[in-house]
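The values are calculated or read from the model by the stated rules, or taken from the named source; none is laboratory data. Everything quoted here is computed from the prediction, not taken from an experiment. Cβ coordinates were reconstructed from backbone atoms using ideal geometry, including for glycine residues, and neighbour counts include every protein chain displayed.
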Amino acid sequence: MAVDTRREIVRRLLEEAYGQGNLALVDELVADDARLHTELPTGPEAPSGREGFKEIVRWVRSVWPDAQVKAEDVFVDGDRVAARVTFEGTNLGPLHKYPPSGRRGRWTELFIFGISNGQVDEMWHELNVLGTLQQMGEMPDEWEMGRPPKAIVATMKFVGRTKRRLRERRSAAP
Amino acid sequence: MDAAERATEERNKTALRRLFEDAFNTRRFDLVDELITSDLKLHTHIRPGPEGLSPGSKGFHEMIRWIAVGWPKSRVTVQELMAEGDLVAARFIFSGTHDGWLHGNPPTGRDAAWNEMFFARMRDGKVAELWHELNIIGILQQIGVLPPLWEMGRIPPPLLRVMIVRKRIKRRFLRGDRAVDAWRTAAISREAAD
């Protein structure tokens, strides 16, 4: 496969699928059993495979519905492709339990993809999630953050555990 | 691809590998200037002080010295290096023990490891522009600054306020000889090196 084909696969996957939410393109360009490694906190389970990639795309659209992804540099070395993208979007949906802030954010993300048989079979995705939360106004500067008092953390863990147990008990009851 | 291009790409990859393995892992900071340009454009989330990094290669020196002070026995393991033309990318694992000051927070002695990536534009075999991505939340969780329950949801704003106020109070009262945070230690080691 030509170098430019691999470059094009990644560029389309990033700009049109990851950026614009084109799920049909994911079917075309991502292998069913692709191994995904991402820092995005999409949920308690790390996404994997083609379905996992779709999950990431849906999650990104739900948090930043107007997201725009620009592939600034995409380069190919053998069957690996590296990409540097600029992500820009307005936070109009909840991220985890953080309510939508309505703020616009912009940051860099780095990717490395493995390609075989014209499809992505591996993805490594790095970004600073702390920076995105700081741009949403949900997190202070890391230089402003001290360690939380142990007693408070212990209390919160206890409350969290109790809530979860109660929920489980309620759902188990007929 | 002709042989000259391939040689350039190999040289570029080697430069990045040496930056990790020779300069950082063995703490030979004097080698850094052979591997980066003096007008380096550095895009990183690492800030060795509230005010951020100096421009040019000086900023890179500040960054790696601060990391070496916060994580004294840390090392970088290169997982993958790739190149085309004047671009190079690296994926690596950073692992170490938190035995130094970090963001003005005292050492915890905890072991931690995480993934990072570099993306570089090279000029004459040296790094001229560098993008560095890592997830700082994961690190703060591993050393206990951010509670692990972040996974479960939002840190309640009152707890966040407690964390900030505690930090401010500590800063005010510990300023002086006892407040040897990494930034000051790094400044000291920089002076010693010069």
### Task
Return the only residue of A:GLY160, A:GLY146 being in a loop (DSSP other than H, G, I, E, B) and facing another protein chain (nearest Cβ under 7 Å).
A:GLY146
### Query
Is it the case that the stretch B:33-47 has a residue that's assigned to a helix (DSSP H, G or I), over 16 Å from the mean Cα position of the chain (by Cα) and of a type in the set (D, E, K, R)?
yes
### Query
Going by the structure shown, is A:GLY131 surrounded by 17 or more Cβ atoms within 10 Å (Cβ to Cβ) and at pLDDT 95 or above?
no
### Message
Going by what's in this entry, would B:ASN115 be described as at the interface with another protein chain (Cβ under 9 Å from one of its Cβ atoms) and modelled with pLDDT of 95 or more?
### Response
yes
### Query
Do you know which of the residues in the stretch B:131-166 that are charged (D, E, K, R) and within 21 Å of A:GLN135 (Cα to Cα) is modelled with the lowest pLDDT?
B:GLU151
## Note on the structure
Out of (1) under 18 Å from the mean Cα position of the chain (by Cα); (2) among the aliphatic types (A, V, I, L, M); (3) modelled with pLDDT under 95; (4) more than 30 Å from B:GLU51 (Cα to Cα), the one A:ILE112 does not meet is (3)
### Summary
Checking A:VAL81, A:VAL63, A:VAL74 in turn, the sole residue that is more than 30 Å from B:GLY104 (Cβ to Cβ), surrounded by 21 or more Cβ atoms within 10 Å (Cβ to Cβ) and more than 12 Å from chain B (Cβ to nearest Cβ) turns out to be A:VAL63
### Scan of the stretch A:84-138 for residues that are aliphatic (A, V, I, L, M), within 14 Å of chain B (Cβ to nearest Cβ) and farther than 16 Å from A:VAL74 by Cα, ordered by number
A:LEU95, A:LEU127, A:VAL129, A:LEU130, A:LEU133, A:MET136
### Query
Inside the stretch A:11-57, can you point out the residues that are without any contact (Cβ under 8 Å) to a residue 40 or more places away in the chain and among the hydroxyl-bearing types (Ser, Thr, Tyr)?
A:THR42, A:SER48
### Summary
For the stretch B:143-164 the number of residues that are in contact (Cβ under 8 Å) with a residue 40 or more places away in the chain and either more than 9 Å from every other protein chain (Cβ to nearest Cβ) or under 17 Å from the mean Cα position of the chain (by Cα) (or both) is 1
### Query
Is it the case that the stretch B:48-68 has a residue that's within 12 Å of another protein chain (Cβ to nearest Cβ), in contact with a Gly (Cβ under 7 Å, 6 or more places away or on another chain) and either farther than 20 Å from A:PHE75 by Cβ or crowded, with 16+ Cβ neighbours inside 10 Å (or both)?
no
